[in-house]
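Please read the structure below before turning to the comments.
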Amino acid sequence: MAIRMLDALGGNIGALRFEPTEKRVRVSLGGEPVADTYRARLVWEPRRIVPAYAVPIADLTAQLVPAGAESGIDDDDTGRPVLDPSVPFDSHSCAGTPYDVIAGDQTGAAAAFAPEDSDLDGYAILKFDPFDWREEDEPIVGHPHDPFSRIDVLRSDRHVVVELDGTRLAESSRPMLLFETQLPVRFYLPREDVTADLEPSDTASYCAYKGRAHYFSLTGGPRDLAWTYPDPLHDAEPVRDRVCFFDEKVDVVVDGHRRDRPTTPWS
């Protein structure tokens with residue numbers, strides 16, 4: 001019987017998984033070097049859907065000091081079927097030892113984690129947020145790039161209508177469709193095709209493939225209903241300044257067919 005690729009990729013989500021990378025990975029903390037390695041490994045802890053980087057402890061220029069806990073398993077998250085990027089990387093789902101990272105006069109509290117696994121012996125997983133990261137000479141944001149995940153942006157002439165409670169928010173026949181692994185297709189519309197009265201919010205988020213998103217709320221209505229990328233990373237350049245609505249929160253009609261609202265972490 002044939003196996004759907006998405007099922008194959010997610011079939012071992014409950015396991016601790018890793019993948020070597022040939023990228024040069026450089027890490028710093030407040031301008032102080034932490035690691036410069038060609039031997040990094042991408043690591044997905046059990047139930048994690050995005051990876052972290054583990055670096056050889058021998059390649060660290062920073063000092064590791066035990067943070068005082070014997071196991072990294074975070075009981076607060078054990079009931080969640082998946083750990084999406086909203087769950088901080090210092091919430092661990094496998095056994096191991098957390099460490100403080102000391103680089104010069106900078107300290108990352110519990111910012112490193114040594115898992116109890118023979119395949120990762122001698123490696124420390126670094127929490128993403130406290131550090132500045134580069135893959136080769138490119139800075140990265142949000143989390144490391146996943147070699148099994150990508151985005152694909154395609155120009156389309158599909159007729160897209162966005163509504164909320166029967167009120168039309170946008171209508172366009174020139175959307176850009178953004179396909180992203182394990183996520184629903186997103187419809188990025190020209191600003192001039194958006195008729196809703198949107199006001200910027202102070203919410204921002206980071207995507208490793210698209211960059212920093214800025215959010216909009218509906219005047220007098222729901223908050224953070226849509227977003228835009230005013231300065232996207234190169235893979236998302238075709239959607240620069242376009243507006244995308246949360247399909248989970250609005251009704252999207254494509255070529256006359258109303259799409260079901262998807263179930264995602266943003267539902």
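None of the figures in this text is laboratory data; all of them are computed from the coordinates on show. Computed from a predicted structure; not experimentally measured. In this analysis, Cβ positions are derived from the backbone assuming ideal geometry, glycine residues included, and neighbour counts consider all displayed protein chains.
Summary table below
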quantity: Extension reserve of the Ile13-Met1 stretch, reckoned as 0.36 nm per residue once the Cα distance is removed; calculated: 2.2 nm
quantity: Expected 222 nm ellipticity per residue - DSSP helices of 4 or more, -39500 (n - 2.57), all of the chain, to 500; calculated: -500 deg cm²/dmol
quantity: Length added when fully stretched, Glu171-Arg261, from 0.36 nm per residue minus Cα-Cα; calculated: 30.6 nm
quantity: Prolate/oblate/rounded call for region 92-196, Cα gyration tensor, a/c under 1.5 rounded; calculated: prolate
quantity: HN-Hα J in Hz across region 240-248 - Karplus 6.51, -1.76, 1.60, θ = phi - 60°, x for Gly and Pro; calculated: 3, 6, 7, 10, 10, 9, 5, 4, 5
quantity: Phi to ³J(HN,Hα) by Karplus 6.51 cos²θ - 1.76 cosθ + 1.60 over region 249-261, Hz, x for Gly, Pro; calculated: 10, 10, 9, 10, 10, 10, 6, x, 10, 6, 7, 5, 6
quantity: Length-normalised contact order of region 148-217 in % [C-alpha pairs under 8 Å, at least 6 apart]; calculated: 25 percent
quantity: Gyration tensor verdict on region 146-267 (Cα atoms; rounded if a/c is under 1.5, prolate if a/b is larger than b/c, oblate otherwise); calculated: rounded
quantity: Region 120-154 and region 33-65: distance between their alpha carbon centers, rounded to Å; calculated: 10 Å
quantity: Residue-by-residue Karplus 3J(HN,Hα) for region 81-86, coefficients 6.51, -1.76, 1.60, Hz, glycine and proline x; calculated: x, 9, 10, 7, x, 6
quantity: Overall form of region 7-158 per C-alpha gyration tensor (a/c, 1.5; a/b vs b/c); calculated: oblate
quantity: Size of electric dipole in the chain: Cβ of Lys, Arg +1 and of Asp, Glu -1, about Cα centre, debye, nearest 20; calculated: 760 debye
